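The values are calculated or read from the model by the stated rules, or taken from the named source; none is laboratory data. If you're wondering where the values come from, they're calculated on a predicted model, not measured in any experiment. Note: ideal-geometry Cβ built from the backbone for every residue, glycine included; neighbour counts use all protein chains shown. Ligands, DNA and RNA are stripped out before the accessible areas are found, and what is left, the full protein with its side chains, is counted by its heavy atoms. Shrake-Rupley method; radii C 1.70, N 1.55, O 1.52, S 1.80 Å.
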Amino acid sequence: MKICPYCGKEYPDDILICDADKSVLVAAKPKAALTREEEHLRLLSLFHYVVAGLAALFALLPIFHLIFGLFMMFGPEKFRGKEEAPVALMGLVFVVFALVFITIGWIFAAFVLANGRFLARRKHYTFCLVMAGIECMFMPFGTVLGAFTIVTLVQEPVKRLFAAKPPASG
């Protein structure tokens with residue numbers, strides 16, 4: 001098997017020049033097969049990225065509270081009825097609630113994303129294990145992902161992978 005050094009396209013051994021860019025092909029290096037544990041860590045890393053995206057999206061649900069609260073704060077005369085309740089104060093409560101929820105959700109998503117990155121690079125074993133426990137609170141996806149991450153991380157071969165030198169790319 002030969003490969004083009006510029007475009008990466010693979011060719012059979014009898015072809016000498018790349019069709020796309022006319023460069024000379026080089027012999028392709030054989031890809032090392034991943035062990036079962038390495039494959040599990042790779043998949044867990046990928047699923048952490050997905051759950052981080054879902055968590056960040058879920059954290060945006062209170063955006064409606066934020067918008068409604070801003071309307072209440074900057075246009076309280078539109079919300080007054082028979083009772084003279086402090087509408088602007090209620091709007092502030094809505095805004096603060098929404099901002100706190102969104103901020104905490106994005107921080108959680110950032111930590112899940114970092115956890116996926118650390119799993120791919122096999123770094124920060126303790127952080128990965130603690131975050132797997134915290135992820136279990138984010139039902140249902142975080143619970144499943146956290147449980148599988150804990151089960152994978154407590155295995156001895158995986159501990160050895162974290163103790164060894166991490167891979168160069170990740």
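Observations on the model:
- Considering only residues in segment 17-57 that are among the β-branched types (V, I, T) and within 12 Å of the chain's Cα centre (by Cα), the one that is surrounded by the fewest Cβ atoms within 10 Å (Cβ to Cβ) turns out to be V50.
- Search result, residues across segment 117-144 that are outside any helix (DSSP H, G or I), free of Cβ contacts under 8 Å to residues at least 60 places away in the same chain and over 14 Å from A163 (Cα atoms): C136, M137, M139, P140
- Contacts under 8 angstrom Cβ, first residue in segment 3-19 being free of Cβ contacts under 8 Å to residues at least 60 places away in the same chain and of a type in the set (A, V, I, L, M), partner open to solvent by less than 90 Å² (accessible area, probe 1.4 Å) and assigned to a loop (DSSP other than H, G, I, E, B), 6 or more apart: I3/L25; I3/A28; I15/L25; L16/L25; I17/S23; I17/L25
- Test: residue in segment 6-29 that is of a type in the set (F, W, Y) and in a loop (DSSP other than H, G, I, E, B): yes
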